[in-house]
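Before I ask anything, here is the structure I am working with.
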Amino acid sequence: MSTAVPRCAGEWHPFGAVPDRDFLSPGGVDVWSLGLSPELARRGSALLSADEHRRAALLRTARLRFRFVAARSLLRRILAAYLGEDPAALTFSAGPYGKPALVAGSGRPPLEFNLSHSGDRALLAVSNAGAVGVDIERIGETDLVEEVGPLVFTPKERLHLEEWPANARQAAFYGLWCRKEAIAKALGLGLSLDVARLEVGFLEAVTVDLENGEPFWFASLPVIEDHATALVFRHPAAFVRCFALAAWD
Ligand SMILES: CC(C)(COP(=O)(O)OP(=O)(O)OC[C@H]1O[C@@H](n2cnc3c(N)ncnc32)[C@H](O)[C@@H]1OP(=O)(O)O)[C@@H](O)C(=O)NCCC(=O)NCCS
């Protein structure tokens with residue numbers, strides 16, 4: 001299998017302009033690194049639908065609420081910019097396990113997307129190359145390899161993790177977990193996928209048995225301090241670009 005996966009260069013490109021309809025060519029995947037703040041939530045709240053406001057209200061803490069509102073408003077603003085549409089007018093459907101998708105509109109590019117958040121950071125992948133999954137996790141301090149490992153990793157993956165030096169094992173643990181979750185999210189199955197039987201290891205492409213044998217491809221993303229990330233897509237030659245959203249108004 002070819003390993004010629006195009007990669008983001010080693011850093012996030014600060015980006016302050018609004019993308020437009022021609023911004024993402026066919027076969028492209030853009031990943032946006034987003035910081036979530038109460039200020040962003042305040043400014044973006046009016047863009048959310050009644051259903052999104054209902055979901056926000058169900059969250060237990062103010063912190064969880066501002067993160068949700070900020071992420072959903074940025075999701076709307078960024079997707080709307082690619083589509084040349086009004087952010088508040090976008091409508092989403094949900095798959096059987098909750099994966100949101102844009103409701104198709106006539107003449108639109110076939111954009112797919114996936115969002116992930118961890119604490120005050122979020123990643124949004126926007127794809128013109130078919131299904132995409134993204135995950136970000138803050139690297140925790142507790143060593144979970146023995147406790148959680150058997151529930152989520154294959155025996156081969158656990159052996160592999162044990163070979164990592166102690167000071168790098170946590171990052172490897174979270175990196176591996178992100179890769180599994182990104183595939184689960186690209187498939188739209190979320191954690192209904194039996195991740196303990198899905199061997200992702202550290203290969204560039206992974207085939208998932210339950211699908212039609214077509215592989216998923218991974219691309220490394222630039223480092224986000226104290227976080228692990230994973231991006232996965234279906235198109236072997238997808239062209240991945242990485243942007244950090246700078247002030248944008
Ligand atoms: C999807 C899932 C893996 C997310 O895990 P997580 O680490 O908590 O969250 P992340 O931050 O990485 O991703 C959350 C985002 O992924 C998207 N998402 C939700 N469900 C998804 C799914 N099944 N597949 C892909 N993406 C999904 C959403 O955009 C969500 O953010 P939002 O709610 O703020 O819009 C997990 O919540 C899950 O398995 N959900 C399935 C729940 C289910 O079975 N529901 C059935 C009835 S709807």
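Only one of (1) small (Gly, Ala, Ser); (2) surrounded by 15 or more Cβ atoms within 10 Å (Cβ to Cβ); (3) more than 10 Å from the ligand (Cβ to nearest atom) is not met by residue 184, so which one is it?
That leaves (3) as the condition not met.
At pLDDT below 85 and assigned to a helix (DSSP H, G or I): which single residue out of 211, 157, 147 fits that description? Talk me through it step by step, then tell me what you get.
Values: 211 fails: assigned to a helix (DSSP H, G or I); 157 fails: at pLDDT below 85.
Criteria check complete, one pass: 147.
Name, by its number, the condition in (1) within 20 Å of residue 136 (Cβ to Cβ); (2) of a type outside the set (Asp, Glu); (3) assigned to a helix (DSSP H, G or I) that does not hold for residue 196.
(1)
Something else now. Does residue 63 qualify as being surrounded by fewer than 18 Cβ atoms within 10 Å (Cβ to Cβ), within 13 Å of the ligand (Cβ to nearest atom), under 26 Å from residue 178 (Cα atoms) and among the basic types (Lys, Arg)?
no
Under 8 Å between Cβ atoms, which residue pairs at least 6 apart in sequence (or on different chains) link something in the range 110-123 that is among the basic types (Lys, Arg) with a partner that is in a strand (DSSP E or B) and more than 10 Å from the ligand (Cβ to nearest atom)?
121/33; 121/34; 121/35; 121/138; 121/227
It is to be established whether one or more residues within the range 128-149 are more than 22 Å from residue 201 (Cα to Cα), more than 10 Å from the ligand (Cβ to nearest atom) and crowded, with 18+ Cβ neighbours inside 10 Å.
There is at least one residue in the range 128-149 that is more than 22 Å from residue 201 (Cα to Cα), more than 10 Å from the ligand (Cβ to nearest atom) and crowded, with 18+ Cβ neighbours inside 10 Å.
If you don't mind, there's one more thing I want to ask. Condition check: in a helix (DSSP H, G or I) and closer than 21 Å to residue 67 by Cα. Does residue 182 satisfy that?
Judged against the criteria, residue 182 is a match.
Keeping to the range 22-49, report how many residues are part of a helix (DSSP H, G or I) and touching a residue at least 40 places away in the same chain (Cβ under 8 Å). It would help to see each step written out before you state the result.
Of all residues in the range 22-49, those part of a helix (DSSP H, G or I) come to 38-47.
With the extra rule that they be touching a residue at least 40 places away in the same chain (Cβ under 8 Å), the set shrinks to 46-47.
Number of matching residues: 2.
Restricting to the range 76-108, name every residue that is within 16 Å of the ligand (Cβ to nearest atom) and of a type in the set (Phe, Trp, Tyr).
92, 97
Let me ask something else. Considering only the range 4-42, state which residues are among the charged types (D, E, K, R), modelled with pLDDT under 95 and more than 25 Å from residue 137 (Cβ to Cβ).
Correct list: 20, 21, 22.
The values are calculated or read from the model by the stated rules, or taken from the named source; none is laboratory data. Note that the coordinates shown come from a computational prediction; the quantities given were computed from them, not determined experimentally. Counting neighbours? That spans all protein chains shown, and the Cβs are built from the backbone with ideal geometry, glycine included.
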